[in-house]
1. Take the residues in segment B:135-171 that are in contact with an Asp or Glu (Cβ under 8 Å, 6 or more places away or on another chain) and in a loop (DSSP other than H, G, I, E, B); name whichever of them is nearest to the other protein chains (Cβ to nearest Cβ).
2. Looking at (1) within 13 Å of chain A (Cβ to nearest Cβ); (2) in contact with a His (Cβ under 6 Å, 6 or more places away or on another chain), which is the one condition that is false for residue B:33?
3. Looking at segment B:9-46, which of its residues are closer than 24 Å to residue A:119 by Cβ and either within 29 Å of the chain's Cα centre (by Cα) or not charged (D, E, K, R) (or both)?
4. For residue B:107, only one of the following conditions fails: (1) open to solvent by less than 10 Å² (accessible area, probe 1.4 Å); (2) over 13 Å from the mean Cα position of the chain (by Cα); (3) within 24 Å of residue A:179 (Cα to Cα); (4) not β-branched (Val, Ile, Thr). What is its number?
5. Being facing chain B (nearest Cβ under 9 Å) and not in a strand (DSSP E or B) is the filter; apply it to segment A:114-134 and report the residue that is surrounded by the most Cβ atoms within 10 Å (Cβ to Cβ).
6. So which residues in segment A:2-24 are acidic (Asp, Glu) and without any contact (Cβ under 8 Å) to a residue 12 or more places away in the chain?
7. Could you please find all residues in segment A:69-88 being buried (at least 20 other Cβ atoms within 10 Å of the Cβ) and away from chain B (no Cβ under 13 Å)?
8. Could you list, in sequence order, all residues of segment A:141-170 that are more than 24 Å from residue A:63 (Cα to Cα), open to solvent by 40 Å² or more (accessible area, probe 1.4 Å) and charged (D, E, K, R)?
Protein chains: 2
Amino acid sequence: MWIPRRFKHCPSCGAPVEYRIPADDNRERATCTVCATVHYENPINVVGTLPVWGDQVLLCKRAIEPRYGLWTLPAGFLELGETAAEGAARETDEEAGAQIELQDLYCLMNVVKVGQVHLFYRARLLSTTFNPGPESLEVALFHEHEVPWDELAFRTVRETLQHFFDDRRTGRPFTLHCGDVV
Amino acid sequence: MWIPRRFKHCPSCGAPVEYRIPADDNRERATCTVCATVHYENPINVVGTLPVWGDQVLLCKRAIEPRYGLWTLPAGFLELGETAAEGAARETDEEAGAQIELQDLYCLMNVVKVGQVHLFYRARLLSTTFNPGPESLEVALFHEHEVPWDELAFRTVRETLQHFFDDRRTGRPFTLHCGDVV
């Protein structure tokens, strides 16, 4: 499989790097040809929420690439200095301007081909007043039959929504769903 | 709070970077002073298992820094090209040489001060034959009263073990625990 190679130069000293297997390792790592520093590349987390109002879910229409104009749950990259739950709440504020009460972690999905782990929390909307941020063209509530299934931005968003409506229909308690998107 | 600044030079072209807030952003990012590429830094995942044999749990005595000589659950950094569950199983193999059946995600803990999200899966040991890897001095099974509570390597390991023995004592089903380590 394709593994991204982010480094051409050493972030510490600026000299060229080579991808080599360090002595105590079993994978190629970006290794500085001058200062010998080894630089690791690892998957990162995308964190977001599934905001619910009665039978409706909140979606944001993307104002940015990738997937400009398609619909998504509010989500974005987890930042240094915050917990996953804090990041999910921050993204919901930034992208939807929605007031929420954050609930439990609901979906953990690996998106191996892009080196991401997506974490979605359920959230209870506290009002229907939204304030789309610069990354959203529009924010709206959808009943299940209104969800624009063919205009969703990401597979993990589709799967999270499917789990939610399935769980809701069957009356199961909302417990964690784990999965992989290939 | 302290945010690590990993980049002094641009990994793309090697020129010096400056930490600046990009036009469409609200945080300082490593920005190349020559090619203008923006380099992001995000939390990464540590993945591992809680391997169980009857009433006993498996721990590894660390043969590497940090925390040389202290006891830990088998765990390590999630790598590109694998799912969180695959990474947890790989670490269990590499550090303990233990045969397991991987079970559900059990603990998700944010360790904000070091920019990490730790994920521990429960695992059922299939045998008591272990094969400590180069990162482990020793691998052993412990009943609750035998766990070296004062010689555990990491707070997230302690909390995962505590949740497990608490859940086991009360007979609760093993569901996900989320928490933050400060």
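The values are calculated or read from the model by the stated rules, or taken from the named source; none is laboratory data. Fair warning: this is a prediction, and the values are worked out from it, not measured in the lab. Positions of Cβ are backbone-derived with ideal geometry, glycine not excepted, and every protein chain shown enters the neighbour counts. Keep in mind that these areas ignore ligands, DNA and RNA; they rest on the heavy atoms of the full protein, side chains included. Shrake-Rupley method; radii C 1.70, N 1.55, O 1.52, S 1.80 Å.
1. Here the residue is B:135.
2. Among (1) within 13 Å of chain A (Cβ to nearest Cβ); (2) in contact with a His (Cβ under 6 Å, 6 or more places away or on another chain), residue B:33 violates only (2).
3. B:26, B:27, B:29, B:38, B:39, B:40, B:41, B:42, B:43, B:44, B:45, B:46
4. (2)
5. Here the residue is A:115.
6. A:24
7. Across segment A:69-88, the qualifying residues are A:71, A:72, A:73, A:74, A:75.
8. If the condition is that a residue be more than 24 Å from residue A:63 (Cα to Cα), open to solvent by 40 Å² or more (accessible area, probe 1.4 Å) and charged (D, E, K, R), then A:166, A:168, A:169 are the ones that fit.
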